[in-house]
1. Stokes-Einstein diffusion coefficient for the stretch B:105-178 at 10 °C in a medium of 1.306 mPa s, Rh from the Kirkwood formula over Cα pairs: what value in µm²/s?
2. Hand me the trypsin sites (Lys or Arg not before Pro) from the stretch B:13-65 located in a DSSP loop with no more than 16 other Cβ atoms within 10 Å, in residue order please.
3. Considering the Cα trace of the stretch B:2-233, what is its radius of gyration and what is Dmax, both in angstroms?
4. Do any of A:Lys49/A:Lys109; B:Lys18/B:Lys109; A:Lys109/B:Lys23 go past 19 Å between their Cα atoms, and which?
5. Hey, what number do you get for the protein assembly as shown at 222 nm if only DSSP H runs of n ≥ 4 count, each worth -39500 (n - 2.57), divided across all residues, to the nearest 500?
6. How big is the antiparallel share of DSSP beta bridges in the stretch A:2-233, given as a percent to the nearest 5?
7. Between A:Lys49 and the same site in the other copies, what are the distances in nm, shortest first, taking label points 7 Å from Cα along the C-beta direction?
8. Choose one answer from A:Ser40, A:Ser131, A:Ser66: the residue with the largest mean-square fluctuation in a GNM of chain A with alpha-carbon springs under 10 Å.
Number of protein chains: 2
Amino acid sequence: MRVEIWSDIACPWCYVGKARFEKALAAFPHRDEVEVEHRSFELDPGRAKGDVQPVITMLTRKYGMSPQQAQAGEDSLGAQAAAEGLDYRTRDRDHGNTFDMHRLLHLAKEQGRQDELIQIFYRANFAEERSVFAEAEERLVELAVEAGLEAGRVRAVLADPDLYAAEVRADEREAAQLGATGVPFFVLDRTYGISGAQPAEVFAQALTQAWGRRSPLAPVGQETADACGPDGCAVPQQG
Amino acid sequence: MRVEIWSDIACPWCYVGKARFEKALAAFPHRDEVEVEHRSFELDPGRAKGDVQPVITMLTRKYGMSPQQAQAGEDSLGAQAAAEGLDYRTRDRDHGNTFDMHRLLHLAKEQGRQDELIQIFYRANFAEERSVFAEAEERLVELAVEAGLEAGRVRAVLADPDLYAAEVRADEREAAQLGATGVPFFVLDRTYGISGAQPAEVFAQALTQAWGRRSPLAPVGQETADACGPDGCAVPQQG
């Protein structure tokens, strides 16, 4: 079974939702047969790469909140994160463009390191003091190496904005086609869609439902096709 | 869209079927959004690792064919392969155990090199003079390096029969659960199943059918979940 998760590193509910999903997955009897794939979704694609702001400043300027409202929101998210056992700095976090992180997540996917890297990015963005947006290149290289990627390859991707850009855009187009307007957005076997950081019980139910409808497959084509099996290969004798 | 292909390197119809599938895929308008994954299926899992035989000898002993029948079968397969533009040695090919090749295909999958490696294995087994079964270790290292894998890692996998063994067995269990009794076996989005090396037109039809039913997703869970979107993150204010 395949689970695709659209998310953004700058999305607190993605960080929390991933933990809730993983709680359900850890208890799912068929967890070893579930593959998880992370897909790109930028919440703030219009922000220039170097445009870094404190989260509270971004919330007041972009959404017209008062600083008190913005801080109360961060405190509330911090409490939700804590309830899932996650560290969350409710003060002095930065906000910025996440395109380069998404490109690196596609590099990591090719190398079987995507889940490691997204978790390291989340932890760095939400729980660690050092910004992932300021002095981003050095910071991202350090984090990607921690996930098992090779520093030279990571630097090459960061230096060329075209690398993996098409993959990020394709993920975003696909999210729109599937009806996602926000993140996190979970898709199970391209059949069930789950919007948002729902309770672990909802993920557990969805995993069970998706598992239950996995078979039978609808056959396509002729029944007596050319194939090899335990009795050998069906071979038409030439005339 | 995801296509999973169960196959064995020792399966002539898998070699031919892959070419037919790829012909359909190359003409499919959404080909860039199709991911192909190769899954393990051994036709002759009971054969000991060092038990290497000429294909004709294997066919006569295992299936009771006459040497003439066996050779006619190989000639027929060679003609089918040629019709797809594939080289096929109809004489003096070897047969043997493919477990190690399947383990290496799982290593290659982790590194984004699986399709390269399986194609190189097929070519080596069906078209090249040098056996993939005799002096297998050196031969497999050479082929895996050609696919972009690192020689040291390949040797480590070959030296430890437990590495990626569980992944091969899990693929084989899953094939049985999905109803596959022979290979090649193609599964599109876990919805459509195609048995055997069907004509390219069948694959084209299946790709179109599977693409057409991709959406809409069935929603699971509450509609108003905690998520972030273009208007910010829904955050309950703490009371």
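1. Working: Rh = 13.0 Å.
This corresponds to a translational diffusion coefficient of 122 µm²/s.
2. Numbers: sites: B:Lys18, B:Arg20, B:Lys23, B:Arg31, B:Arg39, B:Arg47, B:Lys49, B:Arg61, B:Lys62; in loops: B:Arg47, B:Lys49.
Answer by residue number: B:Lys49.
3. Here Rg and the maximum Cα pair distance are 19.9, 74 Å.
4. Working: A:Lys49/A:Lys109 23 Å; B:Lys18/B:Lys109 17 Å; A:Lys109/B:Lys23 26 Å.
Flagged as over cut-off: A:Lys49/A:Lys109; A:Lys109/B:Lys23.
5. Values: 18 runs with 226 residues, N = 478.
Calculated from helices alone, the mean residue ellipticity at 222 nm is -15000 deg cm²/dmol.
6. On the way: 12 of 18 bridges.
Antiparallel: roughly 65 percent of the beta bridges in the stretch A:2-233.
7. Computed spacing set for this position: 4.9 nm.
8. A:Ser66
Bear in mind these aren't lab numbers, they're just calculated from the coordinates by the rules spelled out. Just so you know, these numbers come straight off a predicted model, no measurement behind them. Please note: Cβ atoms are built from the backbone with ideal geometry, for glycine as well, and neighbour counts cover all protein chains shown.
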